[in-house]
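Asks: Below you'll find the structure I mean.
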């Protein structure tokens, strides 16, 4: 596959993983076209600048010129017009994971997976290898701020890629190293529970070459069980990290401010490596530790790793500063799972804002319903002054239980808190309603935190612009 110049069509080309693969293929000399329902995305603007031909999804037409290959993601069903047209025209179609699988055959591959933190961890590892002049190929689930891109088409020895566990497609890859950041109750439309995800990750470890490496966070029950199974049955080398005394690389002496974190990592030889990063939170130290170990095993020096981590500037929409509004700071974060929300709220509280105002858009009916009690718990316990929840972003899912909606979530949070600090804002009322609600409670020195993986980040941008209109 792709041994000669090929015309490749990407259905849903604006998706963060799809756009990365499209960019790499374009940089490697292939003809790239595609379609998406939203052509105003940053990822699409960048691909158009490269010379890719992109149309709106409802304008897509494959016959002229007919592509050799069509790539689709899990979000594109076989019933869509573009897939039916490809079938009628006899165009070969493959899932995006098959294309990434092909790329992992061409370079040594570090595959990063886990319920939380994989984009930041993959980005940190990428930054280490870029800083060490390794010229890696990179496939990320977010824009690495230091290169303002979600991909690199490098010619070096290594490919660094996020391995998508949400649909088990990571099992198609051919990794030399696997990093597992954690296991949690996530993607419950695919997995029955965290134990089911653990079983899938064990299958993933079985894809490793006998001389390969697995780096696994030890501090969750499922990862600890996974490690025990892997040590008994997997021939690849297993390296663990975390705060547990059993960890091969042990995190100690952590310190946090609103904008920085530092820690010491005790190595297997009982040495100490001090790290400092410009991101705040225990979860960020975990991500940095995984990146450090990856670089260390791949032959980078301790100094190369620590200096690169210190210069890591972050990933877009991972606690990203967007500007100010009425003397309040605006932060945008991708957190959409209760565990991630707890991390983001903890970081926000280290700023000691006059008021913490949170705007949250739940993502997916399946996640919201499966983790209903966890969402209520994280928001009812947090020191939030005002919480605004807008309608669930469906991500093409159909509503399963009409009683599990944003308005009901607000009612139950207020019941637990015994106050009215949470409020429901219907999405059809638009940005004006969100802004009006914020105007009614904002004071100088507030922090306004936008949370979610749907359309809520657009509101953060609009609010930042509102101060300059």
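Asks: Please go through the range 200-218 and pick out each residue that is under 17 Å from residue 182 (Cα atoms) and surrounded by fewer than 17 Cβ atoms within 10 Å (Cβ to Cβ).
Replies: 202, 203
Asks: Which of the residues that make up the range 375-417 are in contact (Cβ under 8 Å) with a residue 40 or more places away in the chain, within 20 Å of residue 353 (Cβ to Cβ), in a helix (DSSP H, G or I) and touching a strand residue (DSSP E or B) at 6+ places or on another chain (Cβ under 9 Å)?
Replies: 379
Asks: I've got another one for you. Could we say that residue 170 is within 15 Å of the chain's Cα centre (by Cα), touching a residue at least 40 places away in the same chain (Cβ under 8 Å) and buried (at least 20 other Cβ atoms within 10 Å of the Cβ) here?
Replies: yes
Asks: Here is a follow-up. Given the criteria assigned to a helix (DSSP H, G or I), touching a helix residue (DSSP H, G or I) at 6+ places or on another chain (Cβ under 9 Å) and under 26 Å from residue 43 (Cα atoms), does residue 308 qualify?
Replies: yes
Asks: Quick check: anything in the range 50-60 at pLDDT 90 or above, in the same structural domain as residue 165 (by the TED database), surrounded by fewer than 22 Cβ atoms within 10 Å (Cβ to Cβ) and under 27 Å from the mean Cα position of the chain (by Cα)?
Replies: Within the range 50-60, none of the residues are at pLDDT 90 or above, in the same structural domain as residue 165 (by the TED database), surrounded by fewer than 22 Cβ atoms within 10 Å (Cβ to Cβ) and under 27 Å from the mean Cα position of the chain (by Cα).
Asks: Next question. Residue by residue through the range 175-207, note down the ones that are at pLDDT 95 or above and assigned to a loop (DSSP other than H, G, I, E, B).
Replies: Across the range 175-207, the qualifying residues are 175, 176, 181.
Asks: Still on this structure, I have one more. Any residue in the range 330-347 that is in the same structural domain as residue 434 (by the TED database), modelled with pLDDT under 90, part of a loop (DSSP other than H, G, I, E, B) and out of contact with any strand residue (DSSP E or B) (no Cβ under 7 Å at 6 or more places or on another chain)?
Replies: No, there is no match, as no residue in the range 330-347 is in the same structural domain as residue 434 (by the TED database), modelled with pLDDT under 90, part of a loop (DSSP other than H, G, I, E, B) and out of contact with any strand residue (DSSP E or B) (no Cβ under 7 Å at 6 or more places or on another chain).
A quick yes/no check of all residues on (1) in the same structural domain as residue 339 (by the TED database); (2) touching a residue at least 24 places away in the same chain (Cβ under 8 Å); (3) surrounded by 17 or more Cβ atoms within 10 Å (Cβ to Cβ); (4) in contact with a strand residue (DSSP E or B) (Cβ under 6 Å, 6 or more places away or on another chain):
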| residue | (1), (2), (3), (4) |
| --- | --- |
| 432 | yes, no, no, no |
| 435 | yes, yes, no, no |
| 441 | yes, yes, no, yes |
| 445 | yes, yes, no, no |
| 454 | yes, yes, yes, yes |
| 457 | yes, yes, yes, yes |
| 460 | yes, yes, yes, yes |
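Asks: If you go through the range 346-361 one residue at a time, how many are out of contact with any helix residue (DSSP H, G or I) (no Cβ under 9 Å at 6 or more places or on another chain) and either without any contact (Cβ under 8 Å) to a residue 60 or more places away in the chain or more than 9 Å from residue 386 (Cβ to Cβ) (or both)?
Replies: Total satisfying the criteria: 7.
Asks: For residues in the range 236-272 being part of a strand (DSSP E or B) and within 22 Å of residue 146 (Cβ to Cβ), which is nearest to the chain's Cα centre (by Cα)?
Replies: 261
Asks: Restricting to the range 312-329, count the residues that are in contact with a strand residue (DSSP E or B) (Cβ under 8 Å, 6 or more places away or on another chain) and not in a strand (DSSP E or B).
Replies: Result for the range 312-329: 6.
Asks: Can residue 14 be described as under 21 Å from residue 317 (Cβ atoms) and in a loop (DSSP other than H, G, I, E, B)?
Replies: When the stated conditions are applied, residue 14 passes them.
Asks: Which residues, counting only those in the range 68-94, are within 21 Å of residue 38 (Cβ to Cβ) and modelled with pLDDT of 90 or more?
Replies: Within the range 68-94, 70, 71, 72 qualify.
Asks: I would also like to ask the following. Need the failing condition index for residue 77 against (1) touching a residue at least 24 places away in the same chain (Cβ under 8 Å); (2) within 24 Å of the chain's Cα centre (by Cα); (3) farther than 25 Å from residue 316 by Cα; (4) not in a helix (DSSP H, G or I), just the number.
Replies: (1)
Asks: Taking the residues in the range 94-137 that are touching a residue at least 40 places away in the same chain (Cβ under 8 Å) and in a strand (DSSP E or B) as candidates, determine which candidate is farthest from residue 213 (Cα to Cα).
Replies: It comes out as 95.
Asks: Continuing with this model, one more query. Take the residues of the range 393-419 that are modelled with pLDDT of 90 or more and touching a helix residue (DSSP H, G or I) at 6+ places or on another chain (Cβ under 8 Å): which is surrounded by the most Cβ atoms within 10 Å (Cβ to Cβ)?
Replies: The qualifying residue surrounded by the most Cβ atoms within 10 Å (Cβ to Cβ) is 413.
Asks: Tell me the residue from 319, 312 that is without any contact (Cβ under 8 Å) to a residue 60 or more places away in the chain, within 30 Å of residue 395 (Cβ to Cβ) and within 20 Å of the chain's Cα centre (by Cα), please.
Replies: Answer to the selection: 319.
Asks: Any idea which residue in the range 146-163 is nearest to residue 295 (Cα to Cα), counting only those that are in contact (Cβ under 8 Å) with a residue 60 or more places away in the chain and surrounded by fewer than 23 Cβ atoms within 10 Å (Cβ to Cβ)?
Replies: Among those that are in contact (Cβ under 8 Å) with a residue 60 or more places away in the chain and surrounded by fewer than 23 Cβ atoms within 10 Å (Cβ to Cβ), it is 158.
Asks: Then there is this: Is it the case, given these coordinates, that residue 428 is in contact with a strand residue (DSSP E or B) (Cβ under 7 Å, 6 or more places away or on another chain), at pLDDT below 85, surrounded by fewer than 17 Cβ atoms within 10 Å (Cβ to Cβ) and more than 28 Å from residue 166 (Cα to Cα)?
Replies: no
The values are calculated or read from the model by the stated rules, or taken from the named source; none is laboratory data. Keep in mind the model is a prediction, meaning the values are calculated, not measured. Positions of Cβ are generated from backbone atoms using ideal geometry, with glycine treated the same way; all protein chains shown enter the neighbour counts.
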